[in-house]
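Enquirer: Handing you a structure now.
The values are calculated or read from the model by the stated rules, or taken from the named source; none is laboratory data. Not measured: the values here are computed from a predicted model. For neighbour counting, all protein chains shown are included, and Cβ atoms are generated from backbone atoms with ideal geometry for every residue, glycine included. The protein model used for the area step is the full one, side chains on, heavy atoms only, and it has no ligands, DNA or RNA in it. Shrake-Rupley method; radii C 1.70, N 1.55, O 1.52, S 1.80 Å.
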Amino acid sequence: MFKQKRGFTLIELMIVVAIIGILGTMVVPTYQDFVIRSQISEGMQLSEVVKRKISEYYTENKRFPQDNTEAGVPQPQHLIGNYVQSIHVEQGAIHIMLGNRINAHVKDKVLTLQPAIVTENPDSPISWTCGYAQAVEGMTAQGENKTDVPAPYLLLTCREWKA
């Protein structure tokens, strides 16, 4: 009579392996982008103290600090982390130099945080923009934006939005 066939043929197994390979090539780049964004977020966390000091300085002096010393924060080479080489203050803007153990795609790149003030009322609270994001209408960002991190690796709030 007829033998009952059990198991898979070599072709069927090869098709399954090919499908898994294709899915894997789609997942790896997405996961890498996620890892890079999480590494960059360390710079955002480290800059919180610097942002607070700059805001305090602006409230007291009605102008932005020129450098780290004037802002009352440690020198750039002393503001470091696992993925941050240094944090520079320049005319109120914060420049986060990425490095140390960060992914090679963003090593030695800069992410800038800029204070933004209400143009008609500089006494209003300060807002912050980061990366390629622009200040909203009615606000003016201070300092130079030196961001050179590729946009896909930035947090959503740091990307340029067009309406």
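Enquirer: If you line up the long axis of helix 10-61 against the longest principal axis of the chain, both from Cα atoms, how many degrees apart are they, to the nearest 10?
Expert: 10
Enquirer: Same structure again: Lys and Arg at +1, Asp and Glu at -1: add these up for the other residues within a Cβ distance under 10 Å of N82 and post the number.
Expert: 0
Enquirer: Just subtract the alpha-carbon distance of T69 and Q134 from 0.36 nm times their residue separation and send over the number in nm, one decimal.
Expert: 20.7 nm
Enquirer: How long is the gain from D33 to K62 if the chain were fully straight, where each residue apart is worth 0.36 nm and the alpha carbon distance is subtracted? The partial results should precede the final answer.
Expert: Numbers: separation 29, 0.36 × 29 = 10.44 nm, distance 3.94 nm.
Computed gain between D33 and K62 is 6.5 nm.
Enquirer: List nothing, just return the count: lysine pairs in segment 11-163, 8 or more apart or interchain, with Cα separation under 18 Å.
Expert: 5
Enquirer: State the percentage of accessible surface on segment 16-163 attributable to carbon and sulfur atoms; use a 1.4 Å probe and exclude ligands, DNA and RNA.
Expert: 57
Enquirer: Need one number for segment 38-163: average projected area of the convex hull over its C-alpha atoms, nm².
Expert: Details: hull surface 29.2 nm².
Here the figure is 7.3 nm², rounded to one decimal.
Enquirer: I'd like to compare 79-89, 26-36: which one has the highest average count of other Cβ atoms within 10 Å, and what's the full order after that?
Expert: Top of the packing list down: 79-89, 26-36.
Enquirer: How many Å² of accessible area per residue for segment 1-118, probe 1.4 Å? Each step should come with its number before you reach the end.
Expert: Details: 7500 Å² over 118 residues.
Solvent-accessible surface per residue comes out at 64 Å².
Enquirer: What value, in deg cm²/dmol to 500, does the helix sum -39500 (n - 2.57) over DSSP H runs of n ≥ 4 give at 222 nm once divided by the residues of the chain?
Expert: Working: 2 runs with 56 residues, N = 163.
Calculated from helices alone, the mean residue ellipticity at 222 nm is -12500 deg cm²/dmol.
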